[in-house]
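A short worksheet on the structure shown next.
The values are calculated or read from the model by the stated rules, or taken from the named source; none is laboratory data. The structure displayed is predicted, hence computed values, not measured ones. Ideal geometry is used to build each Cβ from the backbone, glycine not excepted, and the neighbour counts take in all protein chains shown. The area values use the complete protein model at the heavy-atom level, side chains included, leaving out ligands, DNA and RNA. Shrake-Rupley method; radii C 1.70, N 1.55, O 1.52, S 1.80 Å.
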Amino acid sequence: MSNVSPHDTRSIIDLLRGVQDFNIRVFPEKQDLFSDLASGQSPHTLFITCADSRVSPEMITQQQPGAMFVLRNIGNIVPAYGEMLGGVSAAIEYAVLALDVRHIIVCGHSDCGAMKALLDPEAHGLDGMPTVASWLRNAETARAVTAAIHPEARGAQAVAALSEQNVLLQLDHLRTHPSVAARIAEGRLLLQGWLYDIATGRIGVFDSQTRSVQTVDAVLDTLRDRDIP
Ligand code: ZN
């Protein structure tokens, strides 16, 4: 530990104290839940979001452990099927076919570093990060669409517009995965696109028909009218 700076030590102490707090205070309160989860999982949702440290899927949806199978990467990206058969494709196939999730959420967020890097690769040092640059090519179509429909957008406005297009593009990519396409055809799987605003905590939900963004309240009203007698 001789090369560890005091700042690094503070971070690891903070993490370990968090584990202590979890073990002593939180875990006993949820003993029954963890006993149930000890022998298997049955999540209802595959939640795909950015690896950004400010996005906390369970916190923003107030879900307990076991409810969501979470898949995170830079830019909440889903490569189209066959493009890159790696961890993302495997996780999707497993969640859909083995875990039988009923929903897939693709959740983008405000101030996304991946979107900023797509808009200005040089300023964000993509030249020196070939792996990141290669990964972000899976969102290049969203950048092209954003430039076409919002040519005047700059700064935060451009990042927000690109984040929207990126969520829509990744939903399109999801539908190219055989397991996803088959379950949608059977009416057993719903896809939804979300945008999380870090500054306000608000989430916008894409309407599946119009592809416009709606509030959570509006979507809940629609679902109530449709599904609950
Ligand atoms: Zn991000």
Region 42-225, dipole about Cα centre (Lys/Arg Cβ +1, Asp/Glu Cβ -1), debye to the nearest 20: 220
If each K or R counts +1 and each D or E counts -1, the residues other than residue 198 whose Cβ falls under 10 Å of its Cβ total -1
By the scheme Lys and Arg +1, Asp and Glu -1, what is the net charge of all other residues having a beta-carbon under 15 Å from that of residue 71? -2
How much of residue 196 can a 1.4 Å solvent probe reach, expressed as accessible area in Å² and rounded to 10? 30
What net charge is computed for the residues neighbouring residue 155, neighbours being all others with C-beta under 13 Å from the C-beta of residue 155, Lys and Arg scored +1, Asp and Glu -1? -1
Using a 1.4 Å probe on the protein chains only, how many percent of the accessible area of the chain belongs to carbon and sulfur? 55
What is the ratio of the Cα radius of gyration of the chain to 2.2 N^0.38 Å, with N the residue count, to two decimals? 1.12
Whether region 1-80 is rounded, prolate or oblate, judged on the alpha carbon gyration tensor where a/c under 1.5 counts as rounded: oblate
Area of residue 8 that stays accessible when all protein chains are in place (1.4 Å probe, Å², to 10): 80
Theoretical FRET efficiency, 1/(1+(r/R0)^6), r = Cβ-Cβ of residue 148 and residue 85, R0 30 Å, to 0.05: 0.50
Just need the relative contact order of the chain here, percent rounded to a whole number, with Cα pairs under 8 Å and 6+ apart. 19
Accessible area of residue 55, 1.4 Å probe, to the nearest 10 Å²? 0
With every protein chain kept in place and a 1.4 Å probe, the residues 83, 164 fall, from largest accessible area down, as 83, 164
Remind me, relative contact order of region 13-120 in percent, using alpha carbon pairs under 8 angstrom and six or more residues apart? 31
Largest first, what is the accessible-area ranking of 84, 115 with a 1.4 Å probe? 84, 115
For region 1-40, report the convex hull volume of the alpha-carbon atoms normalised per residue, in Å³, without decimals. 84
